[in-house]
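Just below is one structure, and these are the notes that go with it.
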Amino acid sequence: MPLLEERVETLENVLTQFIVNNERTLRHLQEELLKFKEQSDLQWRRFQDEMKAFKDEMQDFKDEMREFKDKMELFSKETKEEARQRNKDWSNLAKKMGTLVEDLIAPALRPVLSKYFGCEVNMEGQRMFRRKDGDDYEIDAIAVCEDRVFMVEARSTPRLHDIEDFVEKAKKFFYFFPEHHGKKLSIIFGSITFREDVIEQASKKGIYVLAWREWEYMDILNFDRVREALNG
C-alpha cells in the first residue's frame, strides 16, 4: 500500500505541475493575443487614417483638375472666338480693299483641292486675262492639276444671277485657254459667306462654293450636294 500511495502522490504532483504549466502558457498566449490585437487595431487605425488622407488628397487633386479643365475650356472657347472675330475682321478688310482672291481664296485653294479632289496643283494664277479675236476674257483665279482645271470666281456679295453668269462664262473657257483642253473643268464660287439660296442654286448647277466654315477656316460648303447633283 505505501508504494501505491507514493505513486498516487507522484501522479498528483505531476498532474498539478502540468495544470500549473498549462495555465501559465495559456495566460502567456492570452497576453500575446491581446498585444497582437492591440497592435493590429493600431495598425488598422493608422491604415484607415492614411486611406482617409489619401482620399482627401485625391479629392483635392480632382477638384484642381476640374478647375484646370474649366479654365482650359474657357481659354479654348475664348481663343476660338478671338480667331473667329479676327477672321471676320480680316475678311471685311479684304472685302473693302477688293483683295478677296489674294487674301482669302488663293491661300485656301491648294489645301482644299487636295482635301476634296486629291488634286496636286501644278499651276495656278490670279487675275488671269486673255484676249482673242477682239474678245476679252478674265478669271479671278485658276488652278490646274494633272487631269482637272478649276475656274475660280470671287464676289464680295454673292448673288443668284452670278451663278448663271459663271455657267455661261465656263462655256468659253477652253476657247481662251486651249492649253487645258481635255481636262475636266470645275467651277468654284468663292466669297466670305453665302446665303443658303445661293448655295442651293450653285449646287444644282454643279458649282462648288468656297467660304468660311463657321469663321474657322475656308472650305467647300456644298461638296456632297454638288456630287449628288452631278451624279443624279
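Each reported figure results from applying straightforward, stated rules to the coordinates on display, with no laboratory input. What you see is a predicted model, and the numbers here were worked out from it, not measured in a lab. Here the Cβ is made from the backbone with ideal geometry for all residues, glycine too, and neighbour counts use every protein chain on show.
With a Förster radius of 45 Å applied to the beta-carbon distance between ARG213 and ASP63, the computed FRET efficiency rounds to 0.75.
If R0 is 35 Å, the Cβ-Cβ spacing of GLU179 and ARG84 corresponds to a FRET efficiency of close to 0.30. Checking the Cα-Cα distances for LYS132/LYS171; LYS171/LYS205; LYS184/LYS205; LYS132/LYS205; LYS132/LYS172; LYS169/LYS205 against a 18 Å cut-off, the pairs over it are LYS132/LYS205. Taking the convex hull of the alpha carbon positions in segment 99-231 and averaging its projected area over all directions gives 7.9 nm².
Full extension of the chain between ARG130 and GLN39 gives 22.9 nm of extra length, using 0.36 nm per residue less the Cα-Cα distance.
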